[in-house]
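Read-outs: derived from the displayed coordinates by stated rules, not from any lab. No experiment lies behind these values; they were computed from the predicted model shown. So basically every Cβ, Gly included, is an ideal-geometry build from the backbone, and we count neighbours across all protein chains shown.
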């Protein structure tokens, strides 16, 4: 199964 | 007070065309340092960031930071009225509910701006933007995902579809290669990531903006596909790799 996380989980909020 | 004037509307049209498949509504954040935009696609696996430098405009006045929420399809529709070498002027007064000349309604968009570190990628490939676009388009007719692998010899694109597989290898060129043909690789270690082709194909809408594209990859991080514009700075697309489980 291909899992794909959301991009927000890779970067911190400004 | 915001006043932006660009004598080549075509440039703004190309920028819009390159992002409007990915994002419907976005905030243009204008400051004295330039106009920037950061937005995610609706599924939140891809993102883009754009910077238009003040010196890329013929006239740039931004007295205080202003965030203009715009529907990109509407903006593109309005810009279609301008030919590529027409002058386009964008004014926004402090009331912030429209930009005049186009009289386009602005929107209030809630968005979260993310801090994106620029450095520290394990592999960085620069290659002709048109070549990258052609490879993505061709492989998109075969598979849904592409495995991009970078070694010191070159960059490999592999896809698998229902009926067949395809493999394209682009070898690093020698330092004397012409800019439009050059493929260069900076690499700390080999990296291989699997990515959804439909997003990559959407990113390549920015191909008319730059001769070369820069692809930055690291394990466990989103891939970055960057187009450097000659006079306007950059547009960067980010995509979360797929992980086999």
Please list the equivalent ellipsoid semi-axes of the range B:134-210, computed as the square roots of five times the alpha-carbon gyration tensor eigenvalues, in descending order and whole angstrom. 22, 16, 11
Once you have the Cα-Cα distance between residue B:153 and residue B:166, take 0.36 nm times their residue separation minus that, and quote the gain in nm to one decimal. 2.8 nm
If I model a spin label at residue A:8 and residue B:231 as a point 7 Å from the Cα along the Cα→Cβ vector, what separation in nanometres do I get? 3.8
Applying a 10 Å radius around every beta-carbon, put B:193-206, B:218-231 in order of their mean neighbour count, most first. B:193-206, B:218-231
nm² value of the averaged projected area, convex hull over the Cα atoms of the range B:5-143: 10.5
For helix B:9-19, what angle does its Cα long axis make with the longest principal axis of chain B, in degrees from 0 to 90 and rounded to 10? 50
Which whole number in µm²/s is D for the range B:30-100 by Stokes-Einstein, with the Kirkwood Rh taken over Cα pairs at 10 °C and 1.306 mPa s? 113
nm² value of the averaged projected area, convex hull over the Cα atoms of the protein assembly as shown: 14.6
Fraction of alpha-carbon pairs in the range B:1-67 farther than 18 Å apart, rounded to whole percent, equals 40
Would you mind checking the tilt of helix B:129-140 against the longest principal axis of the Cα atoms of chain B, expressed as 0 to 90 degrees and rounded to 10? 70
Expressed in whole Å with the largest first, what are the equivalent ellipsoid semi-axes of chain B derived from the C-alpha gyration tensor as the square root of 5 times each eigenvalue? 34, 19, 17
Cα gyration tensor shape for the range B:108-245, rounded if a/c is under 1.5, else prolate or oblate: rounded
Can you give me the relative contact order of chain B as a percent, contacts being Cα pairs under 8 Å and 6 or more apart? 22
Nearest 500 deg cm²/dmol is fine: what mean residue ellipticity at 222 nm does the protein assembly as shown get from its DSSP H runs of n ≥ 4 alone, each adding -39,500 (n - 2.57), divided by its residue count? -4000 deg cm²/dmol
